[in-house]
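Trainee: The structure under discussion is supplied below as structure tokens; questions concerning it will follow.
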Amino acid sequence: MGARDALRLGLIGLGASVVPLDTAVNIAFPDITGSFGLPLAMIQWVVICYVLTYASLMLAFGRVGDIFSHALVFRAGLAWSVVAFLLFAAAPSYGWLLFFRFLQGIGAGLVISCAPALVTGLFPEERRSQAVGLFNMMFAIGSLSGPLIGGALVSVWGWPAVFWFRAPIALVAVLLLEGLPAAPRPRAREPLDILGALLLATGLATLLLAVNRLQQLGQGLFLALALIATALASLVGFARWEGYVSAPIVNLGVFRSGSFSLINLASMVVYLTGFSVMLLAPYYLVRFTGLSLPIAGAVLAASPTAMMLASPLAAVLIARLPADRVAACGAVLAGLGLLSIGGWGGAAPSWPALVLPLLLNGFGTGLFQVSYMDVVMRTLPPEHRGVAGSLAILTRTIGVVSGATVLTLIFHTVEAGAGDATAGFLTAFRTTFLAAGAVSAAVGIAIAMAVRIRS
């Protein structure tokens, strides 16, 4: 890699880091709920408003990058994010905070939809797994830094700091990326499938909102049914339209392969179960360990640290083993880590008991995400690299949004069955992690069995 490409890689990593640095927000959950006088269940909307927005728009943004310029879309997302981050400092109420999270989600969708394509474009195709490993390592570094930075910032300036500290990072990346050459455009530019993009965004958004309504079925059954009907109509319409249009957002024919569909489903499940760490572990660390916020953030950073270390190793393993097998191993290890976290009790665990399960979960997740992204990049054609990268991140974000709802539902259902608040929290915490770990490990075993049958 030449000096210019190394510079571009560093700048892309710097700019893209504003998305994984959102892990800083998780350590601020207790301060946000306390500042606005909210119950724990309300914190899920901080996740849902943000992730649902960029999840529903990401494939369309990736396609825009394929047609016009990945670099242009990436820089536009950074500029938009600068404004969104600064607005959080002036949020007067929880409702405004959620609206600003929606704006932040648009910027994140623009940034992250084209970041993988920009990184892989710096490497020849035979080194694709190495490029994927580097991208995931940069992503993990951002995730690792988030809780560390967030814990320190919240303790001094409160929750708004976990948002506005990213504004100068995005601004520096925009300014330094200015003038760098964009990827060459194809001679014949394909049209943008606007109707398909609208149908997909509507279908994903209403589907994920319908999943969220599972917690309030008794209070709003009609709304849940209306959301489900809208989601099904939109997604079916999207599938039919994509088969008809000459330049679809994504070629749905690739999903006819059972193994490809399985590993995409597995990605959603791995991130659904894995989100239990960032959703519930901050509350456990604050309530039962006596750790300060900066130290609690450092403990949470163990998981993304292991992801960062696993990313280059996964690239090496993929060069020697089928990526599906590496993904299966990663899902099982991630599940074992969650099962171990379920063993945390009321008495403050020792440092090894706190950190080692997080390291195991993060290491397994790192192996899985690099392997999975390599499978997606290999399956879709290079000229659709923006869509491929977006699809790989889309399944991750669908898992996170679903996890915010499903895990909260499991937790509060179990907690409600206990009379004592402390005992109820610990029982619900343990049950949620044991269930999440078992499901993640089972998905890994299913992938391994599918690979064995296929071979």
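Trainee: What about Gly342, is it modelled with pLDDT of 90 or more and farther than 23 Å from Leu153 by Cα?
Mentor: Yes.
Trainee: Now, a different point. If the requirement is being surrounded by fewer than 20 Cβ atoms within 10 Å (Cβ to Cβ) and either at pLDDT 85 or above or outside the structural domain of Phe165 (by TED's automatic domain parsing) (or both), which of these qualifies: Ser93, Ser35, Ser17, Ser81?
Mentor: Exactly one residue qualifies, and that residue is Ser93.
Trainee: Oh, and also: Hey, could you check segment 131-156 for residues that are polar (S, T, N, Q) and within 30 Å of Pro382 (Cβ to Cβ) and say which is surrounded by the fewest Cβ atoms within 10 Å (Cβ to Cβ)?
Mentor: That would be Ser143.
Trainee: Working only within segment 338-372, note down all residues that are more than 14 Å from Leu300 (Cβ to Cβ) and in contact with a Pro (Cβ under 7 Å, 6 or more places away or on another chain).
Mentor: If the condition is that a residue be more than 14 Å from Leu300 (Cβ to Cβ) and in contact with a Pro (Cβ under 7 Å, 6 or more places away or on another chain), then Ser340 is the only one that fits.
Trainee: For Tyr50, which of the numbered conditions (1) crowded, with 24+ Cβ neighbours inside 10 Å; (2) in contact (Cβ under 8 Å) with a residue 60 or more places away in the chain; (3) not charged (D, E, K, R) fails to hold?
Mentor: Tyr50 satisfies every listed condition except (2).
Per-residue answers, yes or no, for (1) in a helix (DSSP H, G or I); (2) of a type in the set (A, V, I, L, M); (3) at pLDDT 85 or above; (4) within 17 Å of the chain's Cα centre (by Cα):
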position	(1), (2), (3), (4)
Ala388	yes, yes, no, yes
Leu391	yes, yes, no, yes
Leu394	yes, yes, no, yes
Ile398	yes, yes, no, yes
Ala404	yes, yes, no, yes
Phe411	yes, no, yes, no
Val414	yes, yes, yes, no
Gly419	no, no, no, no
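Trainee: If you don't mind, there's one more thing I want to ask. Just one of Leu118, Leu122, Leu110, Leu57 is surrounded by fewer than 24 Cβ atoms within 10 Å (Cβ to Cβ) and either under 16 Å from the mean Cα position of the chain (by Cα) or in the same structural domain as Leu409 (by TED's automatic domain parsing) (or both); which is it?
Mentor: Of Leu118, Leu122, Leu110, Leu57, the one residue that is surrounded by fewer than 24 Cβ atoms within 10 Å (Cβ to Cβ) and either under 16 Å from the mean Cα position of the chain (by Cα) or in the same structural domain as Leu409 (by TED's automatic domain parsing) (or both) is Leu122.
Trainee: So which helices (runs of 4 or more DSSP H) stay within segment 213-304 end to end and still have 2 or more residues that are more than 30 Å from Gly337 (Cβ to Cβ) and either touching a Ser or Thr at 6+ places or on another chain (Cβ under 8 Å) or among the polar types (S, T, N, Q) (or both)?
Mentor: Output list reads 221-244.
Trainee: Hey, another quick one. Could you give every pair whose Cβ atoms fall below 6 Å, whose first residue belongs to segment 259-274 and is surrounded by 23 or more Cβ atoms within 10 Å (Cβ to Cβ), and whose second residue is among the charged types (D, E, K, R) and assigned to a helix (DSSP H, G or I), counting only separations of at least 6 or pairs across chains?
Mentor: Tyr271/Arg396
Trainee: Here is a follow-up. How many of the residues making up segment 347-378 are under 21 Å from the mean Cα position of the chain (by Cα), over 17 Å from Ala315 (Cβ atoms) and touching a residue at least 60 places away in the same chain (Cβ under 8 Å)?
Mentor: Within segment 347-378, residues that are under 21 Å from the mean Cα position of the chain (by Cα), over 17 Å from Ala315 (Cβ atoms) and touching a residue at least 60 places away in the same chain (Cβ under 8 Å) number 2.
The values are calculated or read from the model by the stated rules, or taken from the named source; none is laboratory data. Quantities reported herein were computed from a predicted structural model and do not represent experimental measurements. Cβ sites come from the backbone with ideal geometry, for glycine too, and all protein chains shown count toward neighbours.
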